[in-house]
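Visitor: Pasting a structure below so you can have a look.
The values are calculated or read from the model by the stated rules, or taken from the named source; none is laboratory data. A quick note: this is a predicted structure, and the numbers were derived from the prediction, not measured. With ideal geometry, Cβ positions are generated from the backbone for all residues, glycine too; neighbour counts draw on all protein chains shown.
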Amino acid sequence: MEEQQILFESGNELAAHAAKQINYHVMGYYPITPSTQIAELLDQMKAEGEHDISLIAAEGEHSAAGICYGAAAGGGRVFNATSANGLLYALEQLPVQSGTRLPMVLNVACRTVSGPLCIKGDHSDIMYTLNTGWLIFFANTPQEVYDMNLFALKLAERVKLPAIVAFDGFFTSHQKRNSQVFKEDAVIRKFIGEYHADYSALDLEHPVSIGSYMNEPDILNNKYQLHLAMEQALKELPDILEEFHHLSSRRYELVQGYCTEDAEVLLFILGSAYHTAKVAVDKLRKEGKKVGVFTTKLLRPYPADDLYKMCKNAGTIVVADRQDSYGAGGGNLSLELKAMIQGRFPDHQNEDYGQPEAGSLLNSQTHIRVLSRIYGLGGKDFYEEDARNLLLLGFEDRAKAFDYTGIYPGSEDYRPPEYFAPITREQSAPGCTRTQWKNEKGVSRVVVQGGMINEVTAMPKRLAPGHGACPGCGIPVNVNLLLKGIEGNVVLLFHTGCGMVVTTAYPKTAFKVPYVHNLFQNGAATLSGLVEMFHQKQKRGEYPEGEITFIMVSGDGGMDIGMGSALGTAIRNERLIIFEYDNGGYMNTGYQLSYSTPKGAKSATSHVGALQYGKRFFHKDSPMLMAATNLPYVATVAESNPADFVKKAAKAKLYANEFGTAYLKALSACPLNWNDQPNTERKVIAAAVDSCYFPLFEIENGITTLSYNPEGAHKKIPVLDWLSMMGRTKHLKKEEYKSVVAEIQQEVDRRWERLKARAEHPLL
């Protein structure tokens, strides 16, 4: 046995530790709760020089999967981690990688698939991967997360298939346990061995085409070979596990059971809940109940023989699914176990195992009764009493074959309470602004009169004070300032993010106007569909005449992963407003770098250390990206210049309702992650404007106008003066980062000079 040490760490921490010790070549990733911690920890280790992994922060999970596929095609070792809808967003790429037989390891901290949005742990995400051709391990302790990350890679490279290591989000992923890890990285690398890809896109001496177009029967043969690889994996894995046992003293079987030999009733359960069920088994055994519990460590390839040996003597098996295959009478754990048992009892295929005769416990010599129960969705805790009730269910003669457990009764008469009176058109149109057309050098422009702050205070807030935003958060400030300039009826769509999470905690809402939520990557497209429905209903006489302003609110990196959808909407020139509150990071997942994070800023995925100074690339210029689509109106706004903010919102409303897409961007403070004081945020925003890091301008029908020139007002400051106001960038004041600050200042000046040149040009 090789020397090991004990670490008190969580599943996420141990996954990162294993990846560090393996020293993968590339990790393409995108942060999503609860797997984000893995990338964060690896970035922290990278900053201190503990590994050489190239960590590439993609703008979404789909691209992260593409990065991993491309890196694997280069013949190296590749790693990733994700969860829930992030896994589903990348799902299209998974069969691409398995079909071209490129190994890698993906960690999945299992979580509820939205919607409605829920970030807690269940198994509804991992079950989508069953048909992708990936090896799938399931760990139920942090120790297993570490170990499986080692032998999963060894198996993946041996059979030329990518592998998933899955575990319970927020349970196994975050709960710390004493675990053993190998003291020397060299031990792991020797166990896994060197990897020599059969082919590589980097082999110029032997060029190959990877992922060619195929017709039948070639594609049939390709999938048959994948099937054979899965069968090979079942044969190879026991030897790998035995080798690992000699290395670590930890023995693994494909299926794990407790008190199963003589059990009349067995509970089949996946993940960390297995250990809770063992406690219930012990207590029921003392009461004379012959019960047991078993689980599987492998979902793909399916260990049918081992599962059958484990459960063949039971009269009843209660399968606890933390996921439902809706309409199929059970989750995938149930369905596959039933199929396995049925295949071994061909003479009883037509019997109703869920409804035996009264007073009888089915004889294990004839067939096994399987009862399915859905439990623990959305991270609902699983207690010893819950396991006890499931086990006792197996002794009920007329137990339903399928049901949910742990639900609460509802009421058919329930109607959601109306927390706020609807805002009337009169209330939302106090006459604070007036718009009119004028031609200036043949170009159509909009002039807004009024809009002073003291004039718009009469307008009620559409976003109520009853929200859970942090003190000093810029989101409610910016959203309410935006809506001060929008007269009339409004419908809002929010991307996932802090703004959405803190305002819509079920069953209450902070919105006084209609509101829709969709995920980061698809908000603009979703809202454009709603806009088209509105116009179609009006056209057909199915909706009253009148005007609605449709506004998408995005932030927390939503214009990274959602940029494609936003650009598509702008190119189609849908009649809506896209409003981005740019808080400079993925704040709703704990502050990881986004593409709008300032260069040099420290975050959970851009640490400052001996070998790293924070984020290594410049912030995204999203207003110019949107302007490149030739949409009618683009503008930047800031809470430090509220009158300008309100007037631009009024312009955006007119353009959105008459001509097409309008885009507004605000710099939005986040005291928690900017590491500054909530009561100073307006000054911090003003400094960003005065340093020209965040200049105020508008592009109206292609013509650029500066809204505020700090040079002309004699207020222009060095960008370091602004960066020094925030803890996330205060380290840049140190002499050792002088060259980094010079690069930032040079880029800010370049963008500012280009913007001034556009404003001075009659056609730009």
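Visitor: Give the number of residues within segment 243-271 that are part of a loop (DSSP other than H, G, I, E, B), of a type in the set (Ser, Thr, Tyr) and in contact with a helix residue (DSSP H, G or I) (Cβ under 9 Å, 6 or more places away or on another chain).
Guide: Within segment 243-271, residues that are part of a loop (DSSP other than H, G, I, E, B), of a type in the set (Ser, Thr, Tyr) and in contact with a helix residue (DSSP H, G or I) (Cβ under 9 Å, 6 or more places away or on another chain) number 2.
Visitor: Among Ser63, Ser83, which is buried (at least 20 other Cβ atoms within 10 Å of the Cβ), farther than 26 Å from Leu611 by Cα and at pLDDT 95 or above?
Guide: Ser83
Visitor: Of all residues in segment 521-558, which are assigned to a helix (DSSP H, G or I) and among the polar types (S, T, N, Q)?
Guide: Gln521, Asn522, Thr526, Ser528, Gln536, Gln538, listed by residue number.
Visitor: Please enumerate the residues belonging to segment 140-196 that are among the small types (Gly, Ala, Ser), more than 29 Å from Ala73 (Cα to Cα) and either free of Cβ contacts under 8 Å to residues at least 60 places away in the same chain or assigned to a loop (DSSP other than H, G, I, E, B) (or both).
Guide: Gly169, Ser173
Visitor: Please give the number of the condition Val78 fails out of (1) touching a strand residue (DSSP E or B) at 6+ places or on another chain (Cβ under 7 Å); (2) on the phi > 0 side of the Ramachandran plot.
Guide: Every condition holds for Val78 apart from (2).
Visitor: Just give me the residues in segment 502-532 being hydrophobic (A, V, I, L, M, F, W, C), buried (at least 19 other Cβ atoms within 10 Å of the Cβ) and farther than 20 Å from Ala656 by Cβ, in sequence order.
Guide: Of everything in segment 502-532, those that are hydrophobic (A, V, I, L, M, F, W, C), buried (at least 19 other Cβ atoms within 10 Å of the Cβ) and farther than 20 Å from Ala656 by Cβ turn out to be Ala510, Leu519, Phe520.
Visitor: Looking at the structure I just gave you, is Leu102 touching an Asp or Glu at 6+ places or on another chain (Cβ under 8 Å), surrounded by 22 or more Cβ atoms within 10 Å (Cβ to Cβ) and not aromatic (Phe, Trp, Tyr)? Lay out the reasoning, then the answer.
Guide: Values: touching an Asp or Glu at 6+ places or on another chain (Cβ under 8 Å): no; surrounded by 22 or more Cβ atoms within 10 Å (Cβ to Cβ): yes; not aromatic (Phe, Trp, Tyr): yes.
Spelling it out, it is not the case that Leu102 is touching an Asp or Glu at 6+ places or on another chain (Cβ under 8 Å), surrounded by 22 or more Cβ atoms within 10 Å (Cβ to Cβ) and not aromatic (Phe, Trp, Tyr).
Visitor: Among the residues in segment 115-122, are any in contact with a Pro (Cβ under 8 Å, 6 or more places away or on another chain) and part of a loop (DSSP other than H, G, I, E, B)?
Guide: yes
Visitor: Taking the condition touching a strand residue (DSSP E or B) at 6+ places or on another chain (Cβ under 8 Å) and either among the aliphatic types (A, V, I, L, M) or under 19 Å from Leu393 (Cα atoms) (or both), does Ala277 pass?
Guide: Taking the combined requirement at face value, the residue satisfies it.
Visitor: I'm trying to understand the selection: among the residues of segment 646-668, which are out of contact with any Ser or Thr (no Cβ under 9 Å at 6 or more places or on another chain) and closer than 14 Å to Phe694 by Cα?
Guide: Ser668
Visitor: Checking the condition over 28 Å from Val741 (Cα atoms) and under 31 Å from the mean Cα position of the chain (by Cα), which residue from Thr636, Thr629 passes? So that I can check it myself, show each step before the final result.
Guide: Numbers: Thr636 fails: over 28 Å from Val741 (Cα atoms).
Only one candidate passes the filter, namely Thr629.
Visitor: Another question, if that's okay. Looking at Lys120, Lys154, which one is among the basic types (Lys, Arg), in the same structural domain as Ala233 (by TED's automatic domain parsing) and more than 24 Å from Asp381 (Cα to Cα)?
Guide: The conditions single out Lys154.
Visitor: Hey, can you tell me all the residues within segment 155-170 that are of a type outside the set (A, V, I, L, M) and buried (at least 24 other Cβ atoms within 10 Å of the Cβ)?
Guide: Keep residues of segment 155-170 that are of a type outside the set (A, V, I, L, M), which gives 157-158, 160, 162, 167-170.
Correct list: Pro162, Phe167, Asp168, Gly169.
Visitor: Need the failing condition index for Ile119 against (1) in contact with a helix residue (DSSP H, G or I) (Cβ under 7 Å, 6 or more places away or on another chain); (2) at pLDDT below 95; (3) of a type in the set (Val, Ile, Thr), just the number.
Guide: (1)
Visitor: A follow-up question, please. When you check Ala277 against the structure, is it surrounded by 22 or more Cβ atoms within 10 Å (Cβ to Cβ), part of a strand (DSSP E or B), at pLDDT 95 or above and not assigned by TED's automatic domain parsing to the domain that holds Leu150, yes or no?
Guide: No; evaluated as a whole, the condition is false for this residue.
Visitor: Please enumerate the residues belonging to segment 714-755 that are touching a Leu at 6+ places or on another chain (Cβ under 9 Å), crowded, with 17+ Cβ neighbours inside 10 Å and without any contact (Cβ under 8 Å) to a residue 60 or more places away in the chain.
Guide: Across segment 714-755, the qualifying residues are Leu720, Gln745.
Visitor: Further question: Is it true that some residue in segment 619-638 is among the charged types (D, E, K, R), buried (at least 20 other Cβ atoms within 10 Å of the Cβ) and either under 30 Å from Leu42 (Cβ atoms) or without any contact (Cβ under 8 Å) to a residue 60 or more places away in the chain (or both)?
Guide: Looking for residues that are among the charged types (D, E, K, R), buried (at least 20 other Cβ atoms within 10 Å of the Cβ) and either under 30 Å from Leu42 (Cβ atoms) or without any contact (Cβ under 8 Å) to a residue 60 or more places away in the chain (or both), one finds none in segment 619-638, hence no.
Visitor: Just the residues that are under 20 Å from Glu639 (Cα atoms) and either modelled with pLDDT under 95 or more than 33 Å from the chain's Cα centre (by Cα) (or both), please, taken from segment 715-740.
Guide: Listed by number, the residues that qualify are Lys715, Lys716, Ile717, Asp721.
Visitor: Further, regarding this structure: I need the full set of residues from segment 109-122 which are in contact with a Ser or Thr (Cβ under 6 Å, 6 or more places away or on another chain) and closer than 23 Å to Ala19 by Cα, in order please.
Guide: Once the filter is applied, which keeps residues that are in contact with a Ser or Thr (Cβ under 6 Å, 6 or more places away or on another chain) and closer than 23 Å to Ala19 by Cα, segment 109-122 yields Ala109, Arg111.
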